[in-house]
Every structure is written in C-alpha cells, then in structure tokens.
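Worksheet: the structure to be examined is printed underneath.
The values are calculated or read from the model by the stated rules, or taken from the named source; none is laboratory data. Note that this is a predicted model, so its numbers are computed, not measured. Reconstructed Cβ throughout: ideal geometry from the backbone, glycine too, with neighbour counts over all protein chains shown.
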Amino acid sequence: MRDILIIVITERRTLLRGLMVSFLLVLPFTFLPALIKNGWTTDTIYNRFPESTFYAFGFSFIVVVASIVHNYNNLVDRKRLLDQPAFTKLDFYGRLDGAGSIANELETFLLGRLSRYYFRLNIVDPDLKKFKIEIIPLIDLVDNKSLKYKLRKEYGFTQNIFFGQTIKVTANELKNENFLLERLANLEKALTDLGAIPLTIEESKLDD
C-alpha cells in the first residue's frame with residue numbers, strides 16, 4: 001500500500017492528465033444513447049450533461065486506478081528479477097523510465113559500465129516465465145552504417161526504441177551470477193574489435 005501511495009504522489013500530475021484525457025475522450029460517447037433516443041437537440045444534450053459527466057468521470061477514474069495497479073505490479077515483477085544474482089553481480093545503477101508519460105508504463109532498468117562501455121539493461125515482459133532482456137550498449141552510431149550492419153548480421157542487434165541485442169532468459173538462469181557478466185564481457189570484446197566508440201557519461205549523474 002505504501003509503494004502504491006508513493007507512485008500516486010510522485011506521478012500525481014501525470015495521473016491528473018491521464019484522468020482529464022480519458023474523461024474528454026469518453027464524455028462524447030456517453031451522450032449517444034440519449035441522442036439516438038431523443039434526437040440531436042440542444043435540450044437533449046443539456047439534460048444529459050450531468051449524467052454523462054458522472055459516467056465519464058467514473059469510467060476515467062477506474063482507468064486511472066487500473067493504470068496505478070498495473071504499474072505497481074510491473075515494478076514489483078521487475079524488482080524481483082533485478083534482485084537476482086545475475087543482475088546484482090553487475091553492480092549497475094537502477095533507473096526509472098516512463099515517468100511523466102500517460103502513454104508509457106513505468107519501467108525500471110539498469111545502467112552501468114563493465115570496463116570500457118556503458119550498458120543499459122531492460123527487462124521485457126517480466127511477468128512471463130521466459131522473458132527477454134534488452135542489452136543496449138551506449139556507443140556512437142552516428143553515420144556509422146557499417147558498424148550497425150555488422151552488429152545486426154553477426155550479433156543479432158535490432159532497432160526497437162533503442163539499438164541493441166535481445167536475449168531470452170528464464171528466472172533460473174538469473175540465479176547464476178556470471179550469466180550476464182559473461183555475456184556483457186563477450187559483447188564488450190566484440191565492440192572493441194569492431195572499433196565501436198563508447199559514449200561518455202558523467203559518473204556523478206549516475207548517483208542522482
């Protein structure tokens with residue numbers, strides 16, 4: 001309950017925007033029964049307005065509550081997985097994505113450096129038994145089509161929101177503390193061999 005309250009307080013402006021957007025989208029449809037029955041008249045709209053406002057607000061409120069519960073469950077599933085040895089061994093920094101957005105759900109991800117390169121790790125569909133992990137190296141890809149081509153062809157990189165590698169994982173595999181460490185070490189070696197230029201990040205900002 002405390003964690004849900006934190007989400008509500010932290011994202012209160014986003015939730016209010018979501019409530020308003022949902023209300024405005026639903027409101028016109030609540031007039032349809034009366035308009036179909038009584039015709040498109042000013043009196044029909046005027047008489048229906050209080051009831052339509054109540055229905056639209058009630059529906060929008062339910063949508064917002066469902067969104068809060070969904071985001072909470074999503075964060076709980078992610079934390080359960082991120083607390084596994086394969087992730088904790090990396091000692092990466094936890095970050096939150098999707099804050100302030102009414103279209104994207106809240107997501108926690110990890111950001112950290114192995115040796116030379118920084119990596120962003122994101123869990124896809126954490127509620128499934130066999131989920132996916134997106135491994136996104138923070139490298140300079142500007143005007144470097146040959147590097148992108150080699151990473152696509154030889155290492156299975158794809159362009160979703162970010163350009164990276166996606167691997168299928170089970171919860172049992174995450175109990176092995178070297179599971180991700182070895183994968184990232186191999187990928188880092190490949191990036192070095194390909195001459196990928198790492199992006200620079202201010203270390204002090206990672207502690208914020």
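Remark: pairs (first residue in the stretch 143-172, without any contact (Cβ under 8 Å) to a residue 12 or more places away in the chain; second residue not in a loop (DSSP other than H, G, I, E, B); Cβ separation under 7 Å; 6+ apart in sequence or on different chains) = GLY156/GLN165; PHE157/LEU151; PHE157/PHE163; PHE157/GLY164; PHE157/GLN165; THR158/THR166. Screening ALA185 with (1) in a helix (DSSP H, G or I); (2) loosely packed, with under 12 Cβ neighbours inside 10 Å; (3) in contact with a Leu (Cβ under 9 Å, 6 or more places away or on another chain) gives one miss only, at (2).
Residue pairs whose Cβ atoms lie under 7 Å apart, separated by 6 or more positions or on different chains, with the first residue in the stretch 17-45 and surrounded by fewer than 16 Cβ atoms within 10 Å (Cβ to Cβ) and the second outside any helix (DSSP H, G or I), are ARG17/ILE102; VAL21/ILE102; ILE45/PHE31. Being under 21 Å from ILE139 (Cβ atoms), surrounded by fewer than 18 Cβ atoms within 10 Å (Cβ to Cβ) and at pLDDT below 85: is that true of ARG95 here? Here the answer is yes, as ARG95 does meet what is asked.
Residues of the stretch 50-75 that are touching a residue at least 12 places away in the same chain (Cβ under 8 Å), of a type in the set (Phe, Trp, Tyr) and farther than 30 Å from ASP125 by Cβ: TYR55, PHE57.
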